[in-house]
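Enquirer: After the structure tokens below, expect a handful of questions from me.
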Amino acid sequence: MMNNIRKYAIILFVLGWVLGISSCRKQYKATEQDMANYGWFLFEKAATNSDYISSKSWFSKSIIEDSTYMDGYNGLGWSFGKLTDLDSSIYYFEKGLRFTPSIFDTTNIRYEIWAGLCFASNAIGQDSFAIIWGDSLIDALTGGLTSTAWIFSHNNTSSNNKINHLDLRITMAASHFAEGEFSNSVTQMQTILSALSSTTTFNPDVNSVSGRSELAFWIDSLQTILSTQ
């Protein structure tokens, strides 16, 4: 009888200890940053449109978890951009600019949103806005029209095209050209060519039809070259 009582006492003690330990464990819950990080993982590994749809879904979850999470909007903007839904891309980029980055963010989210807005605005023919957003990033880099580097922190790991400040500048050159601001377009082109080859000179006469044609040709050529770098 005493042995049974002792046995039950030990069982109750062990059970109480296990329950006590369990109650001390913190239950892990995915944060908005966890969700966005997984969205970026899918984005960087994307091989098809369905991958960008999946990344979009996780970024959506991140801003449902925290409606002020800036990088979630950044991810949505880039994902929609990859899916060529440019109106939605611009909407989420602009909404993201209302908020401040998380203290845990290791990249400059505002820079990435400005770049995304420049690309998206140019793509839908809103060239004046593309110039504004591109200038915002260029000015923030403190080097003005020098070769200060910027690179998108979530480039596709399987692609040869690594989005950086040169892609931004060729987009700016195209938008300036579309706005009839040919001298500004040439300035952007000179900066790009200087970064690619310091011996290259480029100064077409943009007051002439032939000079503008030459500028247009170089913009198109460099867009093709940069798309493979």
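Every read-out reported here was derived from the displayed coordinates using simple, explicitly stated rules and does not represent laboratory data. Because the structure is a prediction, the values reported are computed rather than measured. Virtual Cβ from ideal backbone geometry, glycine too; neighbours counted across all protein chains shown.
Enquirer: Run down the aspartates and glutamates and flag those whose C-alpha is under 15 Å from the C-alpha of LYS29, throwing out any fewer than 8 positions away in its chain.
Expert: Hits, sequence-local ones excluded: GLU65, ASP66.
Enquirer: For a quick check: sort LYS45, LYS29 by the number of other beta carbons within 10 angstrom, fewest at the front.
Expert: Fewest to most other Cβ atoms nearby, the residues stand as LYS29, LYS45.
Enquirer: Extending each Cα 7 Å along its Cβ direction at LEU83 and THR224, get the distance between those two points in nm, one decimal.
Expert: 3.2 nm
Enquirer: Calculated FRET efficiency, ASN203 and ASN155, Cβ-Cβ r, R0 45 Å, to nearest 0.05?
Expert: 0.90
Enquirer: For TRP133, TRP58, TRP40, what ranking results if the residue with the fewest other Cβ atoms within 10 Å of its Cβ goes first?
Expert: By the 10 Å Cβ count, ascending: TRP40, TRP58, TRP133.
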